[in-house]
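Every number here is computed from the coordinates shown, using simple stated rules; none is lab data. Note that the structure is predicted; figures quoted are calculated from it, not measured. Cβ placement follows ideal geometry from the backbone for every residue including glycine, while neighbour counts extend to all protein chains displayed.
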Amino acid sequence: MKPRRFEFHSPQSIEDALKLASDFDDDFIFYAGGTEAIIGMKERVIEAGHVLNLKKIPRLNQIQMQDGSLHIGALVTHQEIADSEIVKRVLSGYADLSHNIANIRVRSAGTLAGNLCFAEPNADPPALLAALNARVVLIGRQGKRDVPVREFFDGPYSTVREEAEFMTEIVVPLGAEECRCAYRKVVYLNRPSAGVACVRNLVDGTPVWESWAGSITGLPERLNNVCAVLNERDAVSEFDVMQAAARDMAGLDVLEGVYGSESYRKHLVAVLAVRSAMECVK
Ligand SMILES: Cc1cc2nc3c(=O)[nH]c(=O)nc-3n(C[C@H](O)[C@H](O)[C@H](O)COP(=O)(O)OP(=O)(O)OC[C@H]3O[C@@H](n4cnc5c(N)ncnc54)[C@H](O)[C@@H]3O)c2cc1C
């Protein structure tokens, strides 16, 4: 199918983009790599009279360390993250995650910001960014605000971002003396059926674990019982972590569909919780 007719605009600054967004009064979409936007427009699930191409806005394509945090600009692609010497040095687990997203064509065009804003429920970054307590920076008519990734999503294809707000960067705090992180997933048809992220931070000499599941409900889900077991022992017992994950999954409404049944995906979470935790103590 062909998309509805639209006008293509390339604002040269954040201010220009916000002005255009205001002029078009919600009859627009932002456009970064286009990997989701183009499919959506062709299928006419996204209809907009104006497309605001963000790619001409300077300085949104940078990855840098600033004030002890990793800053990833809104135009940085998954492949650029995977190849970044900075990310490989400070968060090699996140570089690995990026390297394993989709295929080289999607990774080379698709941005991390586009992934988060589209909020496709079968996605890799949200679980690990939530486990790392990352935040996103949004800018809109009302000004700038920071939103923790843990609070950014409110369901499949839905976030707390206002239509006319755009994401300028993703910020990952790196305050710990040592940070190990890992993400493990099972993929079906190019997208994850389930994924689990694990982080082990050393804070004032004390290990602090976080374990989060993704691609199961449309939100990153904290595995509270898994976190408790890991924090109590600072060791990974396969039996205990699987039991804890099963308790976390009990009663949770998990999406059903082409990516697997509810029971299958819950089982995957338990297995992946073990694998991602093991990776953090290797
Ligand atoms: C075949 C295929 C396989 C895939 N497999 C995986 C996978 O295994 N794991 C995974 O995690 N993901 C997967 N993806 C998703 C992929 O990561 C995203 O398509 C990509 O990151 C989206 O980024 P983009 O720059 O292309 O966004 P676009 O398509 O340009 O935009 C997507 C949406 O986000 C909005 N948007 C984009 N940037 C901004 C911004 N800065 N501020 C506000 N709104 C913005 C747009 O308006 C649009 O609604 C897959 C996609 C495809 C097509």
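A few comments on the model shown:
- Average projection area in nm² (convex hull over Cα atoms of the chain, one quarter of hull surface): 14.7 nm²
- Near the amide H of L70, within less than 5 Å, lie the amide hydrogens of V172, L174, all on another chain or at least 5 residues away, with H placed in the peptide plane.
- Applying the criteria of a DSSP loop state and at most 14 other Cβ atoms within 10 Å to the trypsin sites (Lys or Arg not before Pro) of the stretch 49-128 yields R59.
- Cβ-based charge dipole, the chain, positive-most Cα from G214, Q79, V147: Q79
- Structure note, pairs K56/K88; K88/K144; K19/K55; K144/K185; K42/K266; K88/K266: Cα-Cα distances above 22 angstrom occur for K56/K88; K88/K144; K144/K185; K42/K266; K88/K266.
- Cα gyration tensor category, rounded, prolate or oblate, for the stretch 7-55 with a/c compared to 1.5: oblate
- For D124, the amide hydrogen comes within under 5 Å of no other amide hydrogen, counting only partners 5 or more places away or on other chains and with H modelled in the peptide plane.
- Dipole check for the stretch 7-55: with +1 at the C-beta of Lys and Arg, -1 at the C-beta of Asp and Glu, and the Cα centre as origin, the magnitude is about 240 Debye.
- Among 108-116, 209-217, 225-233, the peptide with the highest mean count of other Cβ atoms within 10 Å heads the list, and the full ranking is 209-217, 108-116, 225-233.
- Counting other Cβ atoms within 10 Å as a rough exposure proxy, the listed residues V254, V281, V196 run V281, V254, V196 from fewest neighbours to most.
- Under 20 Å from K282, Cα to Cα: aspartates and glutamates that are on another chain or at least 8 residues apart: D96, E177, E178, E210, E232, D234, E238, D240
- Helix axis angle, 224-233 relative to the chain longest principal axis, alpha carbon, degrees: 50 degrees
- Note on the chain: with charges restricted to the Cβ of Lys and Arg (+1) and Asp and Glu (-1), its dipole about the Cα centre is near 700 debye.
- Amide H within-cut-off set for G49, under 5 Å, with H built and near neighbours excluded: F28
- The stretch 141-282 shape via C-alpha gyration tensor axes, a/c threshold 1.5: oblate
- Exposure proxy order (Cβ contacts within 10 Å, fewest to most) of V208, V45, V87: V45, V208, V87
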